[in-house]
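Okay, so here's the structure we're looking at.
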Amino acid sequence: MQTEPRTLTIRRPDDWHLHLRDGAMLRAVAGYSARQFGRAIVMPNLSPPVTTIAAAQAYRDRIVAALPAGTRFTPLMTCYLTDDTDPAEIARGAAEGVFTAAKLYPANATTNSSHGVTDVARLAPVFTAMERAGLVLCVHGEVTDPAVDVFDREAVFLDRVLAPLIADFPGLRIVLEHVTTAEAVAFVRAAGPHIAATITPQHLHLNRNALFAGGLRPHAYCLPVLKRERHRLAVRAAAVSGDPSFFLGTDSAPHLASAKESACGCAGIFSAAFALETYLAVFDEEGALDRFEGFASEHGARFYGLPLNDGTVMLVRDGGEVLAAVEMDEGPLVPFQAGERLAWRMVG
Ligand code: DOR
Ligand code: ZN
C-alpha cells in the first residue's frame with residue numbers, strides 16, 4: 001500500500017485575485033496573504049475605486065506600508081474600468097509597469113461596482129489599448145439584468161458578453177474570475193490560450209446548500225453566489241485537472257462580521273488566512289497532490305507572462321484549527337471555515 005506523503009513543498013505560490021481593502025482592514029489582513037503568497041493581483045474596488053495610475057501607485061504604497069516587516073510580497077495593481085476610462089491612461093499605466101491588469105465589473109454586479117461598466121461596447125478603445133499593451137483583462141463574469149435569475153448570471157454572461165468580446169478582441173488576454181459553473185468551465189476549456197479562469201476555495205468546497213444549512217448562513221455568501229453540486233464538481237475537476245487555464249485566485253474579500261450578519265449582508269468570504277491549506281485539502285481529497293504546484297504556483301504566472309517565484313513553502317499533514325475570528329477594533333472578521341479542522345498546515 002502506498003503511504004500518504006506527510007509533507008508537501010511547492011514553489012512559492014501567488015494569489016491571482018485578492019481584495020486587500022484599505023486602512024485598518026488592510027492592516028489586519030495583508031500579513032496573511034504576504035505569509036503564504038509571493039504576489040497577488042489586488043482588486044481595485046475601493047471606495048472610491050482605483051481608476052488612475054496615481055491612485056494605483058498610492059494604494060500600492062499603502063499596501064507595502066501595511067506589510068509586516070521582513071515580508072517579501074509584491075502587490076500587482078489593477079485598474080478599475082468605468083464607462084469613462086481613458087485608453088491613454090491604460091496604455092501609460094501598462095508601459096510604466098503600474099498596472100498588471102484592468103478589472104471589468106459590470107455596473108452594480110457586486111461590492112463597490114456602482115462605477116462599473118454599463119455597456120462593454122463603449123470600452124472598445126480601452127480593449128484595443130489593452131490588447132496592444134499586453135495588459136490582462138480580469139472579468140467579473142455576471143450579467144446584472146434583473147430578469148436573469150441570480151444563479152444563471154454567470155452562464156448568461158458567457159453568451160451575451162464574453163463570447164462577443166473574445167470575437168472582437170482575439171488578442172486580448174482575459175481571466176474569467178472566480179468561475180462557479182459547469183458552463184464557465186467548459187467555456188474556458190474550449191477557448192484558446194488567451195482565456196483563463198481563477199477558482200476560489202469556497203466554490204471548491206461548498207455548494208448552494210451551504211447558504212441554508214440549518215438557517216441562513218451569511219458567511220457562505222459571496223458573488224458569484226454558490227451553485228448546485230454538479231457545478232461544484234465541475235469546478236473541482238477543472239482545478240485538479242492540470243489544465244493550465246485554471247489557477248488559484250482566492251477572491252478573499254473581508255467584511256466585518258457585523259456587515260455580513262445583517263438584514264442586507266455583504267457578499268464576500270475572507271479566505272486569505274488559511275488559503276493554501278483550504279485549497280490543498282481539495283487536491284488531497286481528489287488524489288491530485290502532484291497537480292497542486294501547477295495550480296498554485298505556475299499556471300497563473302505563465303498566463304500573465306511573469307517569472308515564477310523563487311523560494312518554496314512547506315505544508316505538513318497535521319491540521320490545526322481555523323481561527324474563529326480575526327479581531328479588529330471595529331469588531332471581528334470571520335474567516336472561511338472558522339473553527340473547522342484543517343488536514344494540512346503551512347509551516348514556512
Ligand atoms: O463576494 C464578493 N465579494 N464578490 C465580489 O465580486 C466582490 C467581493 C468584495 O469586494 O467584497
Ligand atoms: Zn473579487
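The values are calculated or read from the model by the stated rules, or taken from the named source; none is laboratory data. A quick note: this is a predicted structure, and the numbers were derived from the prediction, not measured. Heads up, the Cβs are rebuilt from the backbone with ideal geometry, glycines too, and the neighbour counts pull from every protein chain shown. Surface areas here come from the heavy atoms of the whole protein model, side chains and all, with no ligands, DNA or RNA. Shrake-Rupley method; radii C 1.70, N 1.55, O 1.52, S 1.80 Å.
Close contacts from region 174-190, counting a first residue that is closer than 20 Å to Cys222 by Cβ and a second that is of a type in the set (Asp, Glu), with Cβ to Cβ under 6 Å and a gap of 6+ residues or different chains, come to His178/Asp251; Thr180/Glu154; Thr181/Glu154; Ala184/Glu154. The selection criterion, being more than 16 Å from ligand 2 (Cβ to nearest atom), over 19 Å from the mean Cα position of the chain (by Cα) and open to solvent by 10 Å² or more (accessible area, probe 1.4 Å), does not hold for Ala257.
Taking first residues from region 50-78 that are closer than 12 Å to Ala34 by Cα and partners that are open to solvent by 30 Å² or more (accessible area, probe 1.4 Å), the Cβ contacts under 6 Å between residues at least 6 apart in sequence or on separate chains come to Ala66/Arg27; Pro75/Arg60.
Checking each residue in region 79-105 for being without any contact (Cβ under 8 Å) to a residue 12 or more places away in the chain and under 21 Å from Leu18 (Cβ atoms) picks out only Gly97. Summed over region 115-145, residues that are touching a helix residue (DSSP H, G or I) at 6+ places or on another chain (Cβ under 8 Å), of a type outside the set (A, V, I, L, M) and over 19 Å from Val175 (Cβ atoms) total 3. Within region 141-159, the set of residues being in a loop (DSSP other than H, G, I, E, B) and either crowded, with 23+ Cβ neighbours inside 10 Å or away from ligand 2 (no atom under 16 Å from the Cβ) (or both) comprises Gly141, Glu142, Val143, Asp145, Pro146, Ala147, Val148, Asp149.
Can you find a residue in region 36-43 that is surrounded by fewer than 22 Cβ atoms within 10 Å (Cβ to Cβ) and of a type in the set (Lys, Arg)? Within region 36-43 (the criterion being surrounded by fewer than 22 Cβ atoms within 10 Å (Cβ to Cβ) and of a type in the set (Lys, Arg)), the answer is no, since none of the residues qualifies. Entry remark, region 79-114: residues being more than 16 Å from ligand 2 (Cβ to nearest atom) and either out of contact with any helix residue (DSSP H, G or I) (no Cβ under 8 Å at 6 or more places or on another chain) or of a type outside the set (Phe, Trp, Tyr) (or both) number 17 in total. Being among the β-branched types (Val, Ile, Thr) and surrounded by fewer than 18 Cβ atoms within 10 Å (Cβ to Cβ) is a description that does not apply to Thr200.
Taking the criterion of being out of contact with any strand residue (DSSP E or B) (no Cβ under 6 Å at 6 or more places or on another chain), of a type in the set (S, T, N, Q) and outside any helix (DSSP H, G or I), the only residue of region 253-283 that qualifies is Ser262. Within region 327-348, the residues that satisfy the criterion of being open to solvent by 40 Å² or more (accessible area, probe 1.4 Å) and in a strand (DSSP E or B) are Glu327, Pro332, Arg341, Arg345. Residues in region 92-109 that are among the β-branched types (Val, Ile, Thr) and surrounded by 21 or more Cβ atoms within 10 Å (Cβ to Cβ): Thr100 alone.
Taking the listed residues Leu137, Leu162, the one that is open to solvent by less than 30 Å² (accessible area, probe 1.4 Å) and in a helix (DSSP H, G or I) is Leu162, with no other qualifying. Give me the residue from region 1-26 that is crowded, with 18+ Cβ neighbours inside 10 Å and without any contact (Cβ under 8 Å) to a residue 60 or more places away in the chain and, out of that set, nearest to ligand 2 (Cβ to nearest atom). Of everything passing the filter in region 1-26, Leu20 is nearest to ligand 2 (Cβ to nearest atom).
Yes or no, residue by residue, for (1) hydrophobic (A, V, I, L, M, F, W, C); (2) away from ligand 1 (no atom under 16 Å from the Cβ); (3) open to solvent by 50 Å² or more (accessible area, probe 1.4 Å); (4) modelled with pLDDT of 95 or more:
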residue	(1), (2), (3), (4)
Phe169	yes, yes, no, yes
Glu183	no, yes, yes, yes
Leu204	yes, no, no, yes
Arg217	no, no, yes, yes
Tyr221	no, no, yes, yes
